[in-house]
1. Can you tell me which residue in the range 44-69 is farthest from residue 467 (Cα to Cα), limited to those that are of a type outside the set (Asp, Glu) and open to solvent by 70 Å² or more (accessible area, probe 1.4 Å)?
2. Restricting attention to the range 581-610, report how many residues are over 15 Å from residue 643 (Cα atoms) and among the aliphatic types (A, V, I, L, M).
3. Does the range 222-248 hold any residues that are over 28 Å from residue 134 (Cβ atoms) and either β-branched (Val, Ile, Thr) or part of a strand (DSSP E or B) (or both), and which are they?
4. Of these, 627, 642, which one is touching a residue at least 24 places away in the same chain (Cβ under 8 Å) and under 24 Å from the mean Cα position of the chain (by Cα)?
5. Pairs needed: first member in the range 222-234, more than 15 Å from residue 192 (Cα to Cα); second member anywhere, open to solvent by 60 Å² or more (accessible area, probe 1.4 Å); C-beta distance under 8 Å; at least 6 residues apart or different chains.
6. Mind listing whichever residues of the range 84-126 are among the acidic types (Asp, Glu), free of Cβ contacts under 8 Å to residues at least 40 places away in the same chain and more than 21 Å from residue 372 (Cβ to Cβ)?
7. Quickly run through the range 21-36 and pick out the residues that are on the phi < 0 side of the Ramachandran plot, touching a residue at least 24 places away in the same chain (Cβ under 8 Å) and open to solvent by 50 Å² or more (accessible area, probe 1.4 Å).
8. If you go through the range 70-94 one residue at a time, how many are open to solvent by 50 Å² or more (accessible area, probe 1.4 Å) and either under 23 Å from residue 364 (Cα atoms) or in contact with a strand residue (DSSP E or B) (Cβ under 6 Å, 6 or more places away or on another chain) (or both)?
Amino acid sequence: MYQSDFKEKPPVAKEVLSVSEIHGHKREDYYKWLQERDDPAVMNYIESENNYFDGIMKKFAELTGLLYDEMKSRISGSDSSAPVKDGIYEYYFRYEDGLSYPIYCRKSGGGEEEVILDQNLLARGSKFCAIGSLRVSDDHKYLLYSVDFSGNEIFEIRVKNLIEGFELDDIISETSGECLWANDGRSFFYTALDETHRPCRLFSHSLGTLQERDVQLYYEENQSFFLGIERSRSREYLFLIMASQDTSFVKYINLNDPSSDIMPLVEQVKGKEYYPEHRPGYFYLRTNDEAPNFRIVVSADSAPFEWSDFVPHSQDALIEHVEAFERFLVVKQRRNAAFEIHIFDSSAKRIASIPLPDPYASLDLMGNRVFAAGDIRFSCESFVMPPTAFDYNVDSGDLKVVKRKNIPNYDESLYESTRLFVKSHDDVMVPVTLVHKKGVGAGDESPLFLIGYGAYGYSYDPSFSISLLSLIDRGFVCGIAHIRGGEEMGRQWYLDGKFFKKKNTFFDFISCCEYLISEKWTVKEKLVVSGRSAGGLLMGAVATMRPDLFSIVVAEVPFVDTLNTMLDETLPLTVGEYDEWGNPNRKEFYDYMLSYSPYDNIRHISYPSMFFFTALNDTRVMYWEPLKFVAKLRKYKTDENLLLLKTDCSSGHRGASGRYDSIQEKAVQYSFVLNNIDWRKP
């Protein structure tokens, strides 16, 4: 639909010239003033865009309501998770019909259910509520949890006495949300943030004391590194993992000796990554040292630094994750965009490989809390298969379904998924995973909804979506382009989509779209593309590079003012991002980034219909990036296609926190899509 179809007039942002110069190059920015959040004019402009958005979307209210009802009908009101064994208890969460948030529970044997935390009660009076960590002490007496009420990812840590059912006075503020119990069950560790929102300090807190008395155990000075903490599954060590985009190193604390110092497990080496595990007597590292696709090395814990191969490097399989059990190691790896699980005994002999139920499924090793267990719990889901938890017995080889998520009004037999490989601009073959109703395929020129990401080595795997079903049931083909910048095809896949190879990400996505059109999966008049965060950068880049190729572009919390953000070291994350995008204070990176930064490449041409979503409390991608992009685009674009921007003033980077609010966001987005293309078959 066109803007001229509506009486509402889009907002016009005022222009205030700001000129910057670096490397002898001047840039004019007329919308930099939108970065001044405390300026009332900024909030007025946000309100005007939101009012315009609401005015247009009100015309689509009937379809939005229908979509919401469809999506809600696929939510089982009283579903629960697979129970996880831990000591004498089984832990799980469940939902009650009509409530947005989970209720966390436990049972002992055949006893009565105990509610350990009801997030619905916690969220009362708040428009947003997200749980960061949820940890029960080893004696099962205390619950340690972190909560964010604004979406800015600054968490408050709280403690609850589970035996007597009351909250302790211990409240720790301004944290990253990451927290872990010490072995004594009366103290815990947590990480705190600096002024750029970087977790960099490790503290120890004893129950019953004030936060001001907490002991700082470690501070990571290098602004490129984030501090993360893990307790080994053996419960003998606390690992401190300092990680940048391309380097990580490890220190550890012996949890059985409270007076022990923090010791180095592996030192920092630029470009080398190390991720630790432990079994009694042995440290293990998953590392890319002399192994681009990673290998696993082992050392006696009494003599760290004397490392030897445990699982060697493979040219065609990426080792993604390792979990240590008392008797064996479980290795999750990825080959040709598909997952594998392998099990190795203590002598490094592979004793089993677990068959996965769907070749296009995502995989999560979850629910493994019992270190001495003989069963391995993992979860799979795909475009077609709802989330399903499995137990695999290492001794017998038996594989059983523990819990399959109940999806009302869904018949799996009606749908199918396929994976294509598409030749990109440089003859590299890019995988694309599609889902559609049976009977739909190449040659049908169906409406198509294609998602992309392509950054940070994050692999965008297929997952089950109750929202996408509303498009698929209307004849859409939906899919993911597994473009370079992720790790779907191994570590090199990531390296070939960053720094001076970043444009491969955009060219790959464009090539996938062109191929799907050429094979008549769709036509450009019915092609919808979508991405969020770094995937929003992808959307901004392909929209400014090839605006003729798409009918609709959907960009959520998009990183579209790339160059300006990467030049501002005061912003959260910027310095740490140099190892992903490059440092534009160096001219060669500046010039390359300038060539694709979406905000800097808006031209006086026609653009497709576009739908933007951002959040005022986002600390990863600032709200002003899409705000500035839309303001500039309104001035420059020569078409009358709809351009909408919604700013959520009560959430952050991940959007709505409640399950019903989340599907409302999707209902609005898909209503925009369906009202702006001719998706019905003649």
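1. 44
2. Of the residues in the range 581-610, 2 are over 15 Å from residue 643 (Cα atoms) and among the aliphatic types (A, V, I, L, M).
3. Passing the criteria: only 247.
4. Testing whether each residue is touching a residue at least 24 places away in the same chain (Cβ under 8 Å) and under 24 Å from the mean Cα position of the chain (by Cα) leaves just 627.
5. Hits for this filter: 234/280; 234/326.
6. The first filter runs over the range 84-126 and keeps only residues among the acidic types (Asp, Glu), leaving 86, 90, 96-97, 112-114, 118.
Subset that is free of Cβ contacts under 8 Å to residues at least 40 places away in the same chain: 90, 96-97, 112-113, 118.
Within the range 84-126, 96, 97, 112, 113, 118 meet the criteria.
7. 25, 30, 32
8. Selection size over the range 70-94: 4.
The values are calculated or read from the model by the stated rules, or taken from the named source; none is laboratory data. On a predicted model such as this, the values are computed, not experimentally measured, just so you know. With ideal geometry, Cβ positions are generated from the backbone for all residues, glycine too; neighbour counts draw on all protein chains shown. The protein model used for the area step is the full one, side chains on, heavy atoms only, and it has no ligands, DNA or RNA in it. Shrake-Rupley method; radii C 1.70, N 1.55, O 1.52, S 1.80 Å.
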